[in-house]
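Below you'll find the structure, written out as structure tokens, and then a few comments.
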Amino acid sequence: MSKQPFFTEQEEQQIVTAIQKAEKNTSGEIRVHIEATFEGDVMDRAIYIFNDLKMYETKAKNGVLFYLATEAKQFVILGDDGINDVVPVNFWESTKNKVINQFKKGQFAQGLIDGIQEAGQQLKIYFQYQDDDINELPDEISKN
């Protein structure tokens, strides 16, 4: 018996569309990674996935990972050094809160969409979209 995917195809497309729209506001690059569970510390796992997806390869070091472990009920937003060097310490807290508020209602796709939109708005302050901007990282959701 095969396991149902966490998001429907339509929800996945809505998330990808949110990434594409957010990236039109900023030179920042946003990825979403979903897996059921993991071993060890959630932040260590998010860092591993960030590196595995080669998100550190953006020119301005401005990649952002939305990491979600569905069965483990863990969620992390992880920004690269270029972001963390210029933003306030609690930069991701309001974005994370928006996401978690939707998660608590069982609205997982909408939570990610809200968070991605907020990330795009926040990143626009520090990393303006450039006319010659290239999409440095894929927009599709990565999964384990």
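The values are calculated or read from the model by the stated rules, or taken from the named source; none is laboratory data. None of the values given here were measured: they were computed from a predicted structure. All Cβ positions, even for glycine, are placed from backbone atoms using ideal geometry, and neighbour counts span all protein chains on display.
Identify all residues within the range 55-68 that are of a type in the set (A, V, I, L, M, F, W, C) and surrounded by 20 or more Cβ atoms within 10 Å (Cβ to Cβ); write none if there are none. Don't jump to the end; show me each part of the working.
Restricting attention to the range 55-68, the residues satisfying the condition of being of a type in the set (A, V, I, L, M, F, W, C) are 55, 60, 64-66, 68.
Result: M55, V64, L65, F66, L68.
Scan E136, E140 and give me the residue that is over 21 Å from A60 (Cβ atoms) and acidic (D, E). Give the derivation first.
Numbers: E136 fails: over 21 Å from A60 (Cβ atoms).
That would be E140, the only listed residue that is over 21 Å from A60 (Cβ atoms) and acidic (D, E).
When I15 is evaluated against the numbered criteria (1) free of Cβ contacts under 8 Å to residues at least 40 places away in the same chain; (2) closer than 18 Å to I116 by Cα; (3) touching a strand residue (DSSP E or B) at 6+ places or on another chain (Cβ under 7 Å), which criterion, by number, is the only one it fails?
I15 satisfies every listed condition except (1).
Could you say whether any residue in the range 41-57 is outside any helix (DSSP H, G or I), modelled with pLDDT of 95 or more and touching a Ser or Thr at 6+ places or on another chain (Cβ under 8 Å)?
yes
Those residues that are of a type in the set (A, V, I, L, M) and either at pLDDT below 95 or within 15 Å of N62 (Cα to Cα) (or both), I need them from the range 12-33; list them, please. Before the answer, list the steps.
The first filter runs over the range 12-33 and keeps only residues of a type in the set (A, V, I, L, M), leaving 15-16, 18-19, 22, 30, 32.
Answer for the range 12-33, where residues must be of a type in the set (A, V, I, L, M) and either at pLDDT below 95 or within 15 Å of N62 (Cα to Cα) (or both): I19, A22, I30, V32.
Would you confirm whether or not the range 2-10 contains a residue that is small (G, A, S), exposed (fewer than 13 other Cβ atoms within 10 Å of the Cβ) and modelled with pLDDT under 95?
Within the range 2-10, the subset small (G, A, S) is 2.
With exposed (fewer than 13 other Cβ atoms within 10 Å of the Cβ) added as a condition, the list becomes 2.
Those left that are additionally modelled with pLDDT under 95: 2.
So far as the range 2-10 goes, yes, one or more of its residues are small (G, A, S), exposed (fewer than 13 other Cβ atoms within 10 Å of the Cβ) and modelled with pLDDT under 95.
Assess whether D80 counts as being exposed (fewer than 14 other Cβ atoms within 10 Å of the Cβ) and in contact with a strand residue (DSSP E or B) (Cβ under 9 Å, 6 or more places away or on another chain).
Here the answer is no, as D80 does not meet what is asked.
What number goes with the only condition from (1) surrounded by fewer than 22 Cβ atoms within 10 Å (Cβ to Cβ); (2) touching a strand residue (DSSP E or B) at 6+ places or on another chain (Cβ under 7 Å); (3) among the acidic types (D, E); (4) within 24 Å of D133 (Cβ to Cβ) that E23 does not pass?
If we test E23 against (1) surrounded by fewer than 22 Cβ atoms within 10 Å (Cβ to Cβ); (2) touching a strand residue (DSSP E or B) at 6+ places or on another chain (Cβ under 7 Å); (3) among the acidic types (D, E); (4) within 24 Å of D133 (Cβ to Cβ), just (1) comes out false.
Among the listed residues L112, L78, which satisfies the condition of being in contact with a Leu (Cβ under 6 Å, 6 or more places away or on another chain) and among the hydrophobic types (A, V, I, L, M, F, W, C)?
Checking each option against the conditions leaves just L78.
Just give me the residues in the range 82-126 being free of Cβ contacts under 8 Å to residues at least 60 places away in the same chain, in a helix (DSSP H, G or I) and β-branched (V, I, T), in sequence order.
Matches in the range 82-126: I83, T95, V99, I100, I125.
What residue, of F38, F50, is aromatic (F, W, Y), touching a helix residue (DSSP H, G or I) at 6+ places or on another chain (Cβ under 9 Å) and buried (at least 20 other Cβ atoms within 10 Å of the Cβ)?
F50
Considering Q4, Q10, Q14, which residue is in a helix (DSSP H, G or I) and more than 16 Å from the chain's Cα centre (by Cα)?
After ruling out the rest, the residue left standing is Q10.
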